[in-house]
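Comments concern the structure below.
What follows draws every value from the coordinates through simple rules; no lab data is involved. What you are looking at is a predicted structure, and each value in this text was computed from that prediction instead of being measured. Cβ: placed from backbone, ideal geometry, glycine included. Neighbour counts: every protein chain shown.
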Amino acid sequence: MKKLKIYLDTSVIGGSFDDEFSEYSINLIENIKKDMIFGVISEITIRELENAPDFAKNDFKKYINKLEIVDVTDEIKELAENYIKDKVISRNYYEDALHIACATIYQVDVLVS
């Protein structure tokens with residue numbers, strides 16, 4: 001059976017420390033650590049985590065090597081701009097449009113936010 005390829009945005013990583021979402025985020029991350037799921041993040045996630053609390057960054061360092069880190073290409077930026085132009089997503093959420101475009105271009109099975 002093919003492993004699911006799942007794109008994680010930054011909120012999933014931070015969700016590990018949020019009472020409302022921790023059960024789901026931790027379960028997903030544990031499945032990535034066990035190689036049951038193929039996890040994908042982008043350089044956007046890495047950049048957004050620079051502002052995270054140290055405890056979150058330290059936890060992330062424990063499993064970053066289990067994740068594929070993808071680049072934000074010109075094609076992804078163009079697709080994100082098209083999402084905004086076509087009113088799929090507001091310009092106020094440009095970073096989210098980039099996450100969605102990354103998931104699309106890198107052909108992940110699921111985007112989790």
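Miscellaneous remarks
Conditions tested, residue by residue: (1) polar (S, T, N, Q); (2) touching a residue at least 40 places away in the same chain (Cβ under 8 Å).
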{"site": "Ile69", "(1), (2)": "no, no"}
{"site": "Leu79", "(1), (2)": "no, no"}
{"site": "Asn82", "(1), (2)": "yes, no"}
{"site": "Asn92", "(1), (2)": "yes, no"}
{"site": "Glu95", "(1), (2)": "no, yes"}
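- Restricting Asp59, Asp54, Asp9, Asp19 to those that are farther than 24 Å from Ile105 by Cβ, out of contact with any strand residue (DSSP E or B) (no Cβ under 6 Å at 6 or more places or on another chain) and in contact (Cβ under 8 Å) with a residue 12 or more places away in the chain reduces the list to Asp59.
- Odd one out for Ile89, checked against (1) outside any helix (DSSP H, G or I); (2) within 13 Å of the chain's Cα centre (by Cα); (3) not small (Gly, Ala, Ser): (2)
- Residue count for region 29-44, restricted to those that are touching a residue at least 24 places away in the same chain (Cβ under 8 Å) and assigned to a helix (DSSP H, G or I): 5.
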